[in-house]
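Below: one structure, written as structure tokens.
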Amino acid sequence: MFRLKQLLAASLLLVATAAWGQEIPVNPALLQAPWTAQWITCPRAPQKEYGVYHFRKIFRLAGKVDKFIVHLTADNRYRFYVNGQPVVSGPARGDLQNWYFETVDIAPYLHPGENILAATVWNLGEHAPVAQISNQTAFVLQGDTPKEHPVNTNTTWKVIRNEAYTPCSVNNGQRVKNYMVVGPGDSLNAKLYPWGWEQKEFDDQKWHSPKIIAHPVPTGYGTDNLWTLVPRNIPLFEETRQRIPAIRRTNLQNSNDGFLKGGEPLRIAAHQKVSILLDQTYNTVVYPELLVSKGKDAVIKLTYAEALFDKGGKKGNRNETEGKVIIGNDDVYVADGGDNRKFRPLWFKAFRYLQLDIETHDEPLLINDLYGMRTGYPFKEEAAFSSNDPSLTDIWNVAWRTQLLCAGETFFDTPYYEQLQYPGDTRLQALITLYMSGDDRLMRKAILDFYQSRTPDGLTQGRYPANRFQVIPTFSLFWVSMVYDYWMHRQDDAFVQQFLPAVRDVLDWHERYIDPETGLLKNVPWWNFIDWVPGLSNSRDRGEENTAIRSLHYSYTLQQAAGVLEYYGKQEEATRYRTLAKTINTGTYKHCYNPGKGLIADAPGQKTYSQHANIMAILSNTVTGEEARTLLMKTLTDTSLLQATFYYRFYLTRAMHKTGEADRYYSQLGPWRKMLSLGLTTFAETPEPTRSDSHAWASTPNYEFLATLCGITPAEPGFKTVSISPALGELENVQGEMPHPLGKISVSFKKNKKSLTGTIILPEGLNGKFVYKGYEKALHAGKQEINVTL
């Protein structure tokens, strides 16, 4: 009984924390019992296969209403309309045990008399992206109170399958010759589309009454659940129109770009084959919207790409188009000859370049307009940074664009290729967005997502939500680091403490694989990923490569967890984990340290050496003091070492901090300047040649500009106090501002050979310390001047 009460309490805590994301409160009764609405679907339609469906209901209001709240969700996805106006899309991705629903007040869209509610619901079936978990095609809408109950989904709604849609671009991975799992494109035959279906005047007499599936149930209830509902825990997304500025090439004579500006339509004569390459000039994430008239039977193919490729398959400078071709995923629209037909794919597209390949038949085609509706998680830039080096401003802006493109209903590793959330990537994204925006809601959702992904043996999955199973033990360790990061940056004990049993499970799982003879991890199953570095083994089996890196990474995480456990009164566990970490450190140093080289090898066989092993030797306290500083210098200067890529350079910078060498960070920015020189408008997955041109883990400079150059970090858990220890390197001045739960932290520093001067402004209620080259000063709320003589 006690265990049952514990589980129920944890369930209610998850509901409570989820509700933080809702801008409109949910009627508590809907979180404590089955709903009165019903899950509905299309009768006689394959429930687990590809299909696009429309649902609609007309209802009457006696007068104007000030509030009319509904809750809705679908499997796989939906787009919801009120009186023909798009209102909300969803659901936020989760899993069957945590199926999110959205809450909206539709009163502003309603009027006295007849109103229509409508929704497009689609199930991508076997073609669904790996990030999409599903049970079967379904839709539900629940009124918040009895006043709204007349619109509940039940047999009073109507439904039809839209036969205009078929999947295309289903072999994207083969086309781009790389791992690409974002789902299919849309092929839409306009002759089969029920135009105006979302309008009240549409004739729906031939539509079906829906098939009833079940009553929806919230988390903690139900005995035979198909989906278990929880409130959306992140904000709703908006869409903003974004114009495409340039035609880069075309074989169309007398072409004009008026249609890109929403002005003069582009006319394409009958019996023509036309290609038009458009350049957004930067990578973006949008729902493209194409408006056309006439051109019956014309075929328009839209191909999307981050970059163009030369004959050798290389990207080269991203701004150059000469001699290059587009290779990417695509959509296809077949015109029906009607006027002002709008084609919008079901899911957003990531691209810089968009190519239209058009073939007309007996009737000329008019392209009236083409633009994108920018979407994504609504992070607001609340931070600022500047310095005497203008190139850092360019890096800052490109890194922030990368972050925005890689944040949706989850953190994405890459919006173009995967749209998957991995703990290794997400830890960095969460820190960056905390510093840049102060918004921790997507970080909280990510921690919960991975917590809910856990396997029976205690590890988190390597990416989640996902419909394919993957385990990366090193990424489970990074999930523990995410819990640690949240603990350091936010005062939220209830949220953190719920994860402590899962943290123990991850750490205890790794302990099972410690070799008693060496003290190192051995025969660790699953995919032991470290970093995308040529020559660095990322073993997908039980090989012994990189045991030093993984063992020291485990030690590093044990020590982070020990700090959290000790804070919550778990002293005995904290002591055990610190003792275990020391045992691992001792064994790794004994078997992997090469005194002749002065380096830690990747494994006891000492065949390969990397920056990674030596970074973790420092971070895990395997080497300390002057020995650690010496090791760092070798790690930075020995070019024979396998080099950390953008992802692992975050940990290299942490090693600089730990050894008192953070001033060296500024000199490490060459790879980012290199990307800018190649015309990248977002930062890449790896150094050239790279798969993804938009990969969030490469955006760490925005965190480092504030945490390293400006030196702003939490001095104790919950960011209750602040430590400011600037490390300008060769810079002469820096200015930075970042959000804190109590307000803005602002700093400004100037440096020369003789002194460092500056100003620090802390929000009310926050104090801390200033540390610089042996000088310390207590900080208080408000403004204070800094003057350090060197």
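Things worth noting here:
- Criterion (of a type in the set (Asp, Glu) and in a strand (DSSP E or B)) met by exactly one of Asp186, Asp203: Asp186
- The stretch 63-91, subset assigned to a loop (DSSP other than H, G, I, E, B) and of a type in the set (Lys, Arg), residue farthest from the chain's Cα centre (by Cα): Lys64
- Of the criteria (1) farther than 28 Å from Arg691 by Cβ; (2) assigned to a helix (DSSP H, G or I); (3) open to solvent by less than 30 Å² (accessible area, probe 1.4 Å), which one Phe650 fails: (1)
- Among the residues listed as Leu365, Leu428, the single one being more than 30 Å from Asp257 (Cβ to Cβ), modelled with pLDDT of 95 or more, open to solvent by less than 10 Å² (accessible area, probe 1.4 Å) and of a type outside the set (Asp, Glu): Leu428
- Unique residue being open to solvent by 20 Å² or more (accessible area, probe 1.4 Å), on the phi > 0 side of the Ramachandran plot and either in contact (Cβ under 8 Å) with a residue 24 or more places away in the chain or not charged (D, E, K, R) (or both) when the list is Gly729, Gly743: Gly743
- Residue, surrounded by the fewest Cβ atoms within 10 Å (Cβ to Cβ), within the stretch 93-143, restricted to residues that are in a helix (DSSP H, G or I) and under 24 Å from the mean Cα position of the chain (by Cα): Glu126
- Of all residues in the stretch 219-275 being hydroxyl-bearing (Ser, Thr, Tyr) and over 30 Å from Asp362 (Cα atoms), the one that is most open to solvent (accessible area, probe 1.4 Å): Thr223
- Residues (touching an Asp or Glu at 6+ places or on another chain (Cβ under 8 Å), in a loop (DSSP other than H, G, I, E, B) and either at positive phi or open to solvent by less than 20 Å² (accessible area, probe 1.4 Å) (or both)) located in the stretch 380-418: Ala383, Cys406, Thr410, Phe412, Asp413, Thr414, Tyr416
- Any hit, the stretch 676-684, residues being touching a helix residue (DSSP H, G or I) at 6+ places or on another chain (Cβ under 9 Å), part of a helix (DSSP H, G or I), open to solvent by 10 Å² or more (accessible area, probe 1.4 Å) and within 28 Å of Ile327 (Cβ to Cβ): yes
- Sole residue being modelled with pLDDT of 95 or more, surrounded by 18 or more Cβ atoms within 10 Å (Cβ to Cβ) and either polar (S, T, N, Q) or on the phi > 0 side of the Ramachandran plot (or both), chosen from Phe719, Phe770, Phe749, Phe705: Phe719
- Matching entry among Thr721, Thr713 (being of a type in the set (Val, Ile, Thr) and in contact (Cβ under 8 Å) with a residue 24 or more places away in the chain): Thr721
- Of the strands (runs of 3 or more DSSP E) lying entirely inside the stretch 212-327, the ones with 2 or more residues being among the polar types (S, T, N, Q) and more than 30 Å from Thr137 (Cβ to Cβ) are found at 240-243, 273-294.
- Test for Asn523: is it open to solvent by 10 Å² or more (accessible area, probe 1.4 Å) and either among the small types (Gly, Ala, Ser) or more than 25 Å from Asp95 (Cα to Cα) (or both): yes
The values are calculated or read from the model by the stated rules, or taken from the named source; none is laboratory data. Just so we're clear, the structure is a prediction, and the values are computed from it rather than from any experiment. Here Cβ is always computed from backbone atoms with ideal geometry, including for glycine, and neighbour counts include all displayed protein chains. With ligands, DNA and RNA removed, areas are computed over all heavy atoms of the protein, side chains included. Shrake-Rupley method; radii C 1.70, N 1.55, O 1.52, S 1.80 Å.
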